[in-house]
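Since the structure comes first, as structure tokens, the remarks are kept for the end.
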Amino acid sequence: MTEPNLLPKLTLADGTEIPGIGLGTFGSDKYSPDDVGQAVLEAGRYGWRHFDCASVYGYEMEIGQALSQLQKEGVSREELWVTSKVWNDSHDRVEASCEQSLKDLGLDYLDLYLIHWPFPNHHAPKVDVSARDAHAVPFTAERYLTVWKQMESLKVKGLVRQIGTSNMTAPKLKSVLPLMDQKPTVNQLERHPHFQQNELVSFLKSHGILPVGYSPVGSPSRPERDRTPEDTVDTEDPAVLDAAERLGVHPAVVCVLWQIQTGTLPIPFSVKPSQFRSLLDAAAGSKLSEDELSAISQSDKGCRLIKGQVFLWNGAKDWRDLWDE
């Protein structure tokens, strides 16, 4: 077991401490709810305390059973950090979605609740890249703010402790931040050595918003719909391989350490004990050198992996329209 008090911690804008590494639970349509629930239970026993969930992943009930078992075994609710997200089809009923997640997770409150995507566009599970929502629409600040008002209400009611955003670009945030009563405390974004998004990370930090990086090792288990021939592989990058050899770890560990040491909170996904144990061990004690960090900083290829084509609306040219590129 890794002692949780040895793990990195980050501080949100209001002074709240958040565990500086979290276990993602998006099974990429490859793993069963029981697989993910069992991984959360074993990870929690090993020392993981931060779990990143979402209603659309379909595993919150099984994760809730794992969290309940961990608490029976002596992990206090206060030690845990549990995030969930409102899915795109529930933008008009945020409180009901949140209450369902609380029920499924067996919790009285969420530590963090996010708007999963900035559009109401959605899709069924396990669809391929050609799937489209017939009612899909582009982002508007006005529509987004109606969702955000509901998020603010959840915090007032005590259902959630923190609220945040996910998959928001700097232009989108600029359009809504001045109109928010409560600012988001985090924004989740895709981040890994081959897709560093340093401009967005700097923008977030300058506004007191913590960057939380998903797909930190390049999402090797991502769905087929998110794969294209030009995608690159972070764990085969020479700078990553050199650092992994020096530390005696898997290259995936280096990708996660890079995020921690550049001020982002990584949320890697794994159901394999050997993987989630080695990630936590490294987070508690390993460090990349300044030379290694510099070499990895020069490895950026601008390679977005989670392109989101299934969220495109009629009239959009391609997935770059989702990201204001």
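What FRET efficiency do you get for Lys72 and Leu6 if R0 is 25 Å and r is their Cβ-Cβ distance, rounded to the nearest 0.05?
Using R0 = 25 Å, I get an efficiency of 0.55.
Where does the charge balance sit around Trp48 when Lys and Arg score +1, Asp and Glu -1, over other residues with C-beta under 10 Å from its C-beta?
So the surrounding residues net to +2.
Give a residue-ordered list of calculated ³J(HN,Hα) values for the stretch 170-182 (Karplus: 6.51 cos²θ - 1.76 cosθ + 1.60, θ = phi - 60°; whole Hz; x for Gly, Pro).
4, x, 5, 5, 4, 6, 10, 3, x, 9, 8, 6, 10
I want the antiparallel fraction of DSSP beta bridges within the stretch 142-219, as a percent rounded to 5.
Once the DSSP bridges in the stretch 142-219 are tallied, antiparallel ones form about 10 percent.
For the chain, what is the calculated [θ] at 222 nm in deg cm²/dmol (nearest 500), taking -39500 (n - 2.57) for each run of four or more DSSP H residues and dividing by its residue count?
Taken over the chain, the calculation gives -10500 deg cm²/dmol.
For the chain, what log10 I(q)/I(0) values come out of the Debye formula at q = 0.12, 0.13, 0.15 1/Å, with one point per alpha carbon and no solvent?
Calculated log10 I(q)/I(0) at the listed q: -0.80, -0.96, -1.33.
Using DSSP, restrict attention to beta bridges with both residues in the stretch 45-186 and report what percent are antiparallel, rounded to the nearest 5.
So the antiparallel bridges amount to about 0 percent of the total.
I'd like the Karplus ³J(HN,Hα) series for the stretch 10-26: coefficients 6.51, -1.76, 1.60, θ = phi - 60°, whole numbers in Hz, and an x wherever there's a Gly or Pro.
Here the 3J(HN,Hα) series is 10, 10, 7, 4, 8, x, 5, 8, 10, x, x, 8, x, 8, x, 10, 7 Hz.
Which lysines, on any chain, are close to Lys317 with Cα under 24 Å apart, when same-chain ones fewer than 8 places away are left out?
Lys317 reaches Lys126, Lys172, Lys174, Lys301, Lys307.
Output ³J(HN,Hα) for the stretch 132-142: one whole-Hz value per residue in order, computed from phi by the Karplus curve 6.51 cos²θ - 1.76 cosθ + 1.60 with θ = phi - 60°, and x for Gly and Pro.
Here the 3J(HN,Hα) series is 9, 7, 4, 9, 5, 9, x, 5, 9, 4, 4 Hz.
Along the Cα→Cβ direction, 7 angstrom out, place labels at Ala316 and Glu152. What is the inter-label distance in nm?
With each label placed 7 Å out from Cα toward Cβ, I get 2.7 nm.
7 Å from Cα along Cα→Cβ at both Trp323 and Thr140: what's the point-to-point distance in nm?
The modelled label-to-label distance comes out at 2.6 nm.
Loop only per DSSP, at most 15 neighbouring Cβ atoms within 10 Å: give me the trypsin sites (Lys or Arg not before Pro) in the stretch 1-66, ordered by residue number.
Those satisfying the criteria are Lys30.
Looking at the chain only, what percent of DSSP beta bridges run antiparallel? Nearest 5 please.
15
Long-range amide H contacts for Gly20: which residues qualify at under 5 Å (H placed 1.01 Å from N, peptide plane, sequence gap of 5 or more or a different chain)?
Amide H neighbours of Gly20, under 5 Å, 5+ apart: Lys9, Leu10.
For Lys72, which lysines qualify as cross-link partners when the Cα separation must be under 19 Å and same-chain residues fewer than eight apart are set aside?
Partners within reach: Lys103.
Going through the stretch 1-104, which GluC sites (Glu not before Pro) have at most 13 other Cβ atoms within 10 Å and a DSSP loop state?
Sites meeting the loop and neighbour criteria: Glu73.
Amide H neighbours of Ile163 under 5 Å, at least 5 residues apart or on other chains, H built in the peptide plane: list them.
Close amide H contacts, sequence-distant or interchain: Tyr113, Thr185.
Towards the positive end of the charge dipole of the chain, with charges on Cβ (+1 Lys, Arg; -1 Asp, Glu), say which of Leu114, Pro266, Leu305 has the farthest Cα.
Looking along the dipole axis, the top candidate is Leu114.
Readers should treat all values here as calculations from the given coordinates under stated rules, not as data from a laboratory. Bear in mind the structure is a predicted one, so any value in this text is a computation, not a measurement. Neighbour counts are summed over all protein chains in view; Cβ atoms, including those assigned to glycine, are modelled from backbone coordinates with ideal geometry.
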